[in-house]
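The values are calculated or read from the model by the stated rules, or taken from the named source; none is laboratory data. Owing to the predicted nature of the structure, the values given are computational and were not obtained by experimental measurement. Heads up, the Cβs are rebuilt from the backbone with ideal geometry, glycines too, and the neighbour counts pull from every protein chain shown. Surface areas here come from the heavy atoms of the whole protein model, side chains and all, with no ligands, DNA or RNA. Shrake-Rupley method; radii C 1.70, N 1.55, O 1.52, S 1.80 Å.
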Amino acid sequence: MSNFEGKVAFVTGGGRGQGREIAVEFARRGADVAVVDIGTDIASVPYPLATQDDLEETKSLVEAQGRRCVARIADVRDQQALDSAVDATVAELGRVDILVANAGIYDWSSSPLWETSDQAWTDQIGVCLEGVWRSAKAVAPHLIRQGEGGSMVFTSSNLGREGAQFSAPYVAAKHGVIGLMRTAALELGVYGIRVNALLPSTTDTKINDHQTGWSRASGKPDATREDYLEALHVWTVLRNTGVIPASAPALAAVWLSSDEARYVTGIELPVDAGHLTLPGYNPWPARG
Ligand SMILES: NC(=O)c1ccc[n+]([C@@H]2O[C@H](COP(=O)([O-])OP(=O)(O)OC[C@H]3O[C@@H](n4cnc5c(N)ncnc54)[C@H](O)[C@@H]3O)[C@@H](O)[C@H]2O)c1
């Protein structure tokens with residue numbers, strides 16, 4: 001895959017999970033990297049979000065690749081915080097070429113839409129949809145001013161294409177990300193800036209890896225992590241693949257941002273072990 005030497009990537013939600021994998025993969029391939037993360041919890045989200053220490057750990061991992069890293073606490077719902085993080089990136093690293101708008105939350109409230117709280121709706125849409133728009137809004141003027149094109153990857157989900165019970169705000173936000181991506185690809189194409197969406201399926205990160213996530217995925221109230229991993233096999237078609245590792249969507253995000261993908265814009269790229277090809281639940285679990 002392309003060398004990213006001389007390029008700077010800006011990754012939201014870079015404190016851990018897919019965002020960290022993406023940041024380190026860019027660094028491995030020669031890019032300097034900026035990472036932002038919230039560094040505090042959100043009350044409607046029933047699992048902890050990344051901490052300042054997590055963000056510092058990502059910075060160390062990027063620097064261990066011999067690359068520079070700007071790490072900032074910023075909530076993607078806060079335009080001023082994002083603008084200032086992008087300004088700091090350009091001041092310290094000289095430019096910005098790539099955005100991966102990856103930050104996201106899942107509320108796990110198990111509520112049908114008519115019982116979804118206003119707060120859960122506002123937080124999910126705020127982080128998963130508005131946060132992507134705000135991230136693009138912060139980065140686009142710099143890419144346009146530089147005049148050398150660029151790339152944006154917006155993280156959606158398989159739930160950007162499917163309904164899912166008890167997940168109305170998340171599903172609405174992730175569908176919205178695809179519409180936003182299509183519009184951004186049209187508006188920014190004239191500047192040579194490509195915009196694509198990444199659609200991971202269930203990925204082995206802390207968004208899912210807790211008791212509530214294990215129980216919801218497996219349908220067992222006292223599920224173990226093993227029950228959750230086992231249950232996920234019915235979601236995929238590839239043998240011995242249920243939950244996918246964070247490195248899988250990370251590699252796809254880096255490829256979408258690379259010169260190899262220079263004629264790719266306006267697409268939705270599933271990284272889902274075939275999940276979206278299934279007509280429904282797989283009656284033949286993809287294992288063994
Ligand atoms: N893991 C999955 O199963 C899965 C599947 C499809 C899509 N996704 C999407 O992939 C992306 C990455 O998630 P992940 O799997 O790495 O989970 P994760 O929870 O490990 O990472 C998400 C990161 O976003 C950060 N974040 C949350 N709210 C933020 C805010 N307001 N401002 C800044 N940062 C914020 C979190 O602190 C965390 O570091 C998310 O957009 C998620 O919706 C995940």
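The C-alpha atoms of the chain define a longest principal axis, and helix 52-64 lies at about 60 degrees to it. Extension gain, Leu113 to Phe166, is 18.4 nm, computed as 0.36 nm per intervening residue step minus the present C-alpha separation. At the residue level, Thr183 shows approximately 70 square angstrom of accessible surface with a 1.4 angstrom probe and all protein chains present. In the context of the full set of protein chains, residues of the chain present 44 Å² of accessible surface per residue (probe radius 1.4 Å, heavy atoms only). At the residue level, His175 shows approximately 80 square angstrom of accessible surface with a 1.4 angstrom probe and all protein chains present. Here is the tail figure for the chain: Cα pairs spaced more than 29 Å apart come to 29 percent of all pairs.
Let me have the relative contact order for the chain, percent, based on Cα pairs under 8 Å that are six or more residues apart. For the chain, the relative contact order is 17 percent. For the pair segment 67-140 / segment 1-60, the C-alpha centres are spaced 12 Å from each other.
Whenever you get a sec, compute what percent of the accessible area on the chain sits on carbon and sulfur atoms (1.4 Å probe). Before the final figure, lay out the partial values.
Values: 6540 of 12560 Å².
Taking all protein chains in place, the chain shows 52 percent carbon and sulfur surface.
The relative contact order of segment 10-49, computed from alpha carbon pairs under 8 Å that lie at least 6 residues apart in sequence, is 40 percent.
Using only the C-alpha atoms, the convex hull of segment 135-288 corresponds to 121 Å³ per residue. Treating r as the C-beta distance of Glu148 and Leu186 and R0 as 22 Å, the FRET efficiency rounds to 0.65. Label sites at Gln52 and Glu230, each approximated as a point 7 angstrom past Cα along Cα to Cβ, lie 4.3 nm apart.
Report, in debye and to the nearest 20, how large the dipole of segment 1-128 comes out about its Cα centre when Lys and Arg carry +1 and Asp and Glu carry -1 on their Cβ. Intermediate results must be reported in sequence, preceding the final value.
Numbers: 11 positive and 21 negative charges, 116 e Å.
Dipole size: approximately 560 debye.
Remark: the Ala88-Asp41 segment gains 14.5 nm on full extension, using 0.36 nm per residue and subtracting the alpha carbon distance.
Angle of helix 168-189 to the longest C-alpha principal axis of the chain, folded into 0 to 90 degrees and rounded to 10: 30°. In a simple Cβ point-charge model (Lys, Arg +1; Asp, Glu -1; nothing else charged), the chain has a dipole of about 680 debye relative to its Cα centre.
Which angle from 0 to 90°, rounded to the nearest 10, does the C-alpha axis of helix 79-93 make with the longest principal axis of the chain? The helix 79-93 is inclined about 50 degrees to the chain. Calculate I(q)/I(0) for segment 10-50 by the Debye formula, one identical point scatterer on each C-alpha and no solvent, and give its log10 at q = 0.23 Å⁻¹ to two decimals. Treating every Cα as an identical point scatterer, log10 I(q)/I(0) equals -0.70. Once both labels are positioned 7 Å from their Cα atoms along Cα-to-Cβ, the gap between Val264 and Lys206 label points is 2.9 nm. A cut-off of 5 Å between modelled amide H atoms, ignoring neighbours fewer than 5 places along the same chain, links Leu99 with Phe10, Ser151, Met152, Val153.
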